[in-house]
1. Need at least 1 residues that are more than 21 Å from A:GLY98 (Cα to Cα) per element, so show me which strands (runs of 3 or more DSSP E) inside segment A:24-75 make the cut, counting only ones lying wholly within it.
2. Going by what's in this entry, would B:LEU51 be described as within 11 Å of chain A (Cβ to nearest Cβ), over 11 Å from the mean Cα position of the chain (by Cα) and of a type in the set (A, V, I, L, M, F, W, C)?
3. I'd like to verify a number: residues in segment B:24-44 that are at pLDDT 95 or above and surrounded by fewer than 17 Cβ atoms within 10 Å (Cβ to Cβ), how many?
4. Only one of these conditions is not met by B:LEU20: (1) modelled with pLDDT of 95 or more; (2) touching a Lys or Arg at 6+ places or on another chain (Cβ under 7 Å). Which number is it?
5. With the requirement that a residue be in contact (Cβ under 8 Å) with a residue 40 or more places away in the chain and surrounded by fewer than 21 Cβ atoms within 10 Å (Cβ to Cβ), what does segment A:71-86 give you?
6. Which residue is farthest from A:GLY105 (Cα to Cα), if the candidates are limited to segment B:1-59 and must be out of contact with any Leu (no Cβ under 7 Å at 6 or more places or on another chain), assigned to a strand (DSSP E or B) and of a type in the set (Asp, Glu)?
7. Taking only segment A:101-113 into account, find how many residues are more than 7 Å from chain B (Cβ to nearest Cβ) and closer than 21 Å to A:ARG68 by Cβ.
Amino acid sequence: DGGITQSPKYLFRKEGQNVTLSCEQNLNHDAMYWYRQDPGQGLRLIYYSQIVNDFQKGDIAEGYSVSREKKESFPLTVTSAQKNPTAFYLCASTLDRGDYGYTFGSGTRLTVV
Amino acid sequence: DAKTTQPPSMDCAEGRAANLPCNHSTISGNEYVYWYRQIHSQGPQYIIHGLKNNETNEMASLIITEDRKSSTLILPHATLRDTAVYYCIVRVGGNQGGKLIFGQGTELSVKP
């Protein structure tokens, strides 16, 4: 079955460490997105990519980095520059058309210890 | 992208219809209205979307006003499993459809 897979489901990071969250899709979708969600809040856009080897900053890109070397993969690195990284991270993908919905992964919960 | 406004919370009795309103008064002619829902600690789930006509699928109905400045999501027979946060979002159509910008959503509680 086609879908979008995020791993790991839970991740613990020591302060000062970089960590990378994985997002893979086999839906042949063009565009991929990373969102952050804090408790009781809506989703905020971190980065998005509409085509391989290209990506744009969202509303809260500081302290994060991404790459899009393959159509099916869009990893997110949370760097030590992100001051408050503890959150729930969601990846999504879609065909790059306004009349086509997003498919979301099941999320990664990152905790700084 | 147009902004949406939703009530922060609503209650509904099990078995009754749940009607969730959304205002999108600045919507443009080529922007679609999307509804998603999120159950705690899961990824959002697509429900339905529409441009200007009313839409229905196996999950819900979407009623869009003639001026497209507001819409209502209808869950015809709400169950306890429909308890979730519901997000109304607008997204530009055409190629390079643009980002989904999420607001705070409506927390729907379905009660026995």
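The values are calculated or read from the model by the stated rules, or taken from the named source; none is laboratory data. Computed from a prediction, not measured in an experiment: that's the story for all the values here. Backbone-built Cβ (ideal geometry, glycine too); neighbour counts: all protein chains shown.
1. Filter on segment A:24-75 gives A:31-37, A:64-66.
2. Against the criterion (within 11 Å of chain A (Cβ to nearest Cβ), over 11 Å from the mean Cα position of the chain (by Cα) and of a type in the set (A, V, I, L, M, F, W, C)), B:LEU51 qualifies.
3. Number of matching residues: 0.
4. Every condition holds for B:LEU20 apart from (2).
5. Across segment A:71-86, the qualifying residues are A:LYS71, A:GLU72, A:SER73, A:PRO75, A:THR77, A:THR79, A:SER80.
6. Among them, the one singled out is B:ASP11.
7. 3
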